[in-house]
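The values are calculated or read from the model by the stated rules, or taken from the named source; none is laboratory data. This one's a predicted model, so the numbers in the text were calculated from it and none came from an experiment. Cβ sites come from the backbone with ideal geometry, for glycine too, and all protein chains shown count toward neighbours. We work out accessible area using only protein heavy atoms, side chains counted, and drop any ligands, DNA or RNA first. Shrake-Rupley method; radii C 1.70, N 1.55, O 1.52, S 1.80 Å.
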Amino acid sequence: MTVNTSRNHPAEGDGDAELLSATARDLPPGRHQFHKERLMAQIHDMRQTEQTTAPVRERRRRFPRPAIALPLTAAALAAAVVAGVILSGNGGNGVQDAGPALTTTIGAATTKGVPQLLGQISLAAAETSASRPAAKPGQYIYIKSESADSYVSSVDGNSSLASHPLHTRQVWRSPDGTKGWLIDPAVNKSPEGETLSLPDEQGNTPKPSLNGPSYDYLTKLTTDPDKLLAKIYTETKGQGNSPDQEAFTTIGDLLGESYPPAELYPALFKAAAKIPGVVVVNDATDAVGRHGVAVARLDGTSGEREEWIFDKKSHVFLGERSVQVRRNSGTDSLITPGTVLFTSAILERTVVDGIKQTPAAKS
């Protein structure tokens, strides 16, 4: 199974940084940073080739990359980002078109057993997180994953669904979020990766938030499920297609490419259990083919179901995916039910002593 994360290398040159910032603020929480990456990649590739592709709405927040000023000619593209459809080339970064979009059989969903499953997952989370080392100053949180997504390919005015191959992503972040490194062939021009250290090119040091949390930020969040959920609803008010879906997505973002502290990790699942519309999908597959049970929620507006996938026995988090369940009209009419829009699998998540150090090197 193959799909795409077609964030190519960023554009270079001077331009309108405020345009990018304004665009990012208009996007739903948990999406804007990834959209920025795609937009910057798109500008670069449009300068090199007339062939373009339009990725399907991207739904996974990534750790922030340094902001890069956009040229004034990017105004139309920024509007496309706000609309949720971004043009992006596929040249120069090693992540090439691989064929038809990834599809799957839509698993049956049920509300039966949701509290029980999330209770078991919460207990498992408490056990696994208790054995995780805390991140200390001078250390780095290391996360290795495999990810991919489907996209709308538009060539010579003809559009179709396509995919890019699964690829490995490695991220290092300091506990305070000010230092880091990223290796991702869908983002980096160089195979060596690029810095994530702050401040960015404009001299800004963004404050950590639910949209882009540092480990230190997460340690300060309440572990009371009711208060935690209330905070999520408050800080994501007016974002996404509905308050409940945005709350579910925000928690899902924190389960993916972040490092929740031991006390917070189980509280996230207890909070998720309180969101209306959460269901269980008894069989779901992550990006590397591991089968598990999913905690999921259907976005009634987009027809997309977000699934968090857990091992059926240990209830350890494996990864996540987004599956189109209902057909949409308009630009997304090509996205038929059964299309896997995004898929990922967490392979390693730990603390290392140095930037670009891997657990294998540490041992």
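In the full protein context, segment 222-289 carries 35 Å² of accessible surface per residue, based on a 1.4 Å probe and ignoring ligands, DNA and RNA.
In a DSSP loop and with at most 10 other Cβ atoms within 10 Å, there are no chymotrypsin sites (Phe, Trp or Tyr not before Pro) in segment 122-179.
Computed on protein heavy atoms with a 1.4 Å probe, the accessible areas place Lys179, Lys112 in the order Lys112, Lys179, largest first. For the pair Gln120 and Asn204, label points projected 7 Å from Cα toward Cβ lie 4.5 nm apart. Measuring only protein heavy atoms, the 1.4 Å probe finds Thr128 accessible over about 50 Å². Note on surface exposure: Asp216, Asp149, Asp226 rank Asp226, Asp216, Asp149 by accessible area, highest first, 1.4 Å probe. Within segment 180-300, what whole-number % of the accessible surface is contributed by carbon and sulfur, with the 1.4 Å probe and all protein chains included in the calculation? Exposed carbon and sulfur together represent 51 percent of the surface. Summing +1 for each Lys or Arg and -1 for each Asp or Glu, what net charge is found among the other residues whose Cβ lies under 11 Å from the Cβ of Pro337? With Lys, Arg at +1 and Asp, Glu at -1, the net is +2.
When Glu194, Glu246, Glu127 are compared by accessible surface with a 1.4 Å probe, the order from highest to lowest is Glu127, Glu194, Glu246. Other residues whose C-beta falls under 12 angstrom from the C-beta of Lys231 contribute a net charge of 0, scoring Lys and Arg +1 and Asp and Glu -1. Rounded, prolate or oblate for segment 188-342? Axes are the square roots of the Cα gyration tensor eigenvalues, ordered a ≥ b ≥ c, and the cut-off for rounded is a/c under 1.5. Judged from the Cα gyration tensor, segment 188-342 comes out rounded (a/c under 1.5). The alpha carbon gyration tensor of segment 149-244 gives principal lengths a ≥ b ≥ c with a/c of 1.5 or higher and a/b no greater than b/c, which makes the shape oblate.
Take Leu221: with every protein chain present and a 1.4 Å probe, its accessible area is about 20 Å². Using a 1.4 angstrom probe and counting only protein chains, how large is the accessible area of Arg173 in Å², to 10? Taking all protein chains as shown, Arg173 has close to 20 Å².
Extension gain, Lys136-Asp156: 0.36 nm per intervening residue step, less the Cα-Cα distance, totals 2.0 nm.
Between segment 210-245 and segment 269-296, what's the alpha-carbon centroid distance in Å? Each part reduced to its Cα centre gives a spacing of 19 Å.
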